[in-house]
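Worksheet for the structure shown next.
The values are calculated or read from the model by the stated rules, or taken from the named source; none is laboratory data. Values in this document were obtained by computation on a predicted structure and should not be read as measured data. Cβ placement follows ideal geometry from the backbone for every residue including glycine, while neighbour counts extend to all protein chains displayed. Side chains are part of the model used for accessible areas, which takes the heavy atoms of the whole protein and leaves out ligands, DNA and RNA. Shrake-Rupley method; radii C 1.70, N 1.55, O 1.52, S 1.80 Å.
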Amino acid sequence: MLKLIKIDENSRVPKYQQIIDSIIHNISIGNLTMDQKIPSINMFSEEFYLSRDTVEKAYSILKERNIITAIRGKGYYISRTKLISKVNILYLVNKLSSYKLRTYNHFINTIGANSHTDLNTYHCDETLFLNLLDKNKAAYDYYIIMPHFKTDKLNHISFTDKVLKALKQIPKEKLIILDNVKPDLGSGMIEIYQDFENDIYGALNDGLKKIKTYKRLILVYPERSVYPYPRRILHGFRKFCVEHKLDFEILDEVYDDIVLKTGDLFITIEEADLVNLVKQVREDEFRLGKDIGIISYNDTPLKELLGITVMSTDFKVMGETAANMILNKSRGKVKVPFHLIERESL
């Protein structure tokens, strides 16, 4: 392995950084593989006439990034072969929904090839999230987190005390909070967010003229779910209905054989409820967009194809903004656009 390492005495790059770059480069081209033993600090120091402190600093940084590991009494070994790029990113998402993946894909396309991003899903589970964060602490240049958790009763919670404590251990310049932010989390990080309460309230107001032609608004909001939704959606819906004196109802799900009446306008959040509702509207021979209205939460290509009206965050903007802020080394809080997109179902 010593023959693979290149140290340039004339370079302005610090020697310890040259060691790091050389080891990472050899991993990237396949010269070094997982579990391969590398020279000891003393051997490395003697071979290249470097101080022991210089080699030790390089090895320490490689250990922090989980690229090498030290086994007592045996030496140092390559422990990871994926983190081979200049910018290494851990992307923690609460679920692999179509719109979360769309945000991720737009992020990847924008961040470019000079980076490596590990995508992990923690399924709204606090323990799994904390384990993933602890396992990968100090191993990445950036930590992108979509914070959505569930309580024991399967209700939504944005942050827990343990999650907040863990996030405060990450340097602010490395932390990117996506989708759901907390006002008192502090400053100095990147925050790109939805405003769940005001987003739905504003989108419904944009469609007020057509919405008022319906007799009753029905929000299908899963009270308990494996992947629960922010209750702020519920608050924004209620606020809109009360302000405009509209008759409304909140259901936990679209039940089989649900009673449908002409003049109902449904707002669905989960895909399964949307599918079940459309199916029953067709079976009961109601005219979609005439007798029964539907607005769905979060846009997908399939909803566009089926002519389903949606209110949706611009997930393309969310992903691209996160990537561009990393590339530009900028900080701050950005509100993502949220729109009502009218189609045939309204």
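Counting protein heavy atoms only, the stretch 126-247 has 50 percent of its accessible area on carbon and sulfur, 1.4 angstrom probe.
Each residue of the stretch 300-308 is assigned a 3J(HN,Hα), and the resulting list reads 9, x, 5, 5, 4, 5, 7, x, 8 Hz, derived from the Karplus form 6.51 cos²θ - 1.76 cosθ + 1.60 (θ = phi - 60°), x at Gly and Pro.
With charges set only on the Cβ (+1 for Lys and Arg, -1 for Asp and Glu), what does the dipole of the chain come to about its Cα centre, in debye to the nearest 20?
1080 debye
A cut-off of 5 Å between modelled amide H atoms, ignoring neighbours fewer than 5 places along the same chain, links V310 with S296, I341, R343. Applied to the stretch 39-52, the Karplus parametrisation 6.51 cos²θ - 1.76 cosθ + 1.60 on θ = phi - 60° returns per-residue 3J(HN,Hα) values of x, 5, 4, 5, 4, 5, 4, 5, 5, 10, 6, 10, 5, 4 Hz, with x for Gly and Pro.
These residues, K74, K182, K215, go from largest to smallest accessible area, 1.4 Å probe, as K215, K74, K182.
Accessible area per residue (1.4 Å probe, heavy atoms of protein chains only) ranks H123, H116, H148 as H123, H116, H148, with the largest value leading. Express the carbon and sulfur contribution to the solvent-accessible surface of the stretch 2-78 as a percent, rounded to the nearest whole number, probe 1.4 angstrom. Carbon-and-sulfur percentage of accessible area, whole number: 47. Computed with a 1.4 Å probe on the full set of protein chains, the accessible area for K168 sits at about 130 Å².
Against the main long axis of the alpha-carbon atoms of the chain, helix 196-206 sits at an angle near 40°.
Remark: for residue pairs K100/K135; K137/K316; K74/K168; K182/K239, the C-alpha separation exceeds 25 Å in K137/K316; K74/K168. Which of (1) 14.8; (2) 17.9; (3) 20.9 is the computed mean projected area of the Cα convex hull in nm² for the structure on display? Comparing each candidate, only (3) matches the computed number.
The residues of the chain present an accessible area of 50 Å² per residue when probed at 1.4 Å with all protein chains retained.
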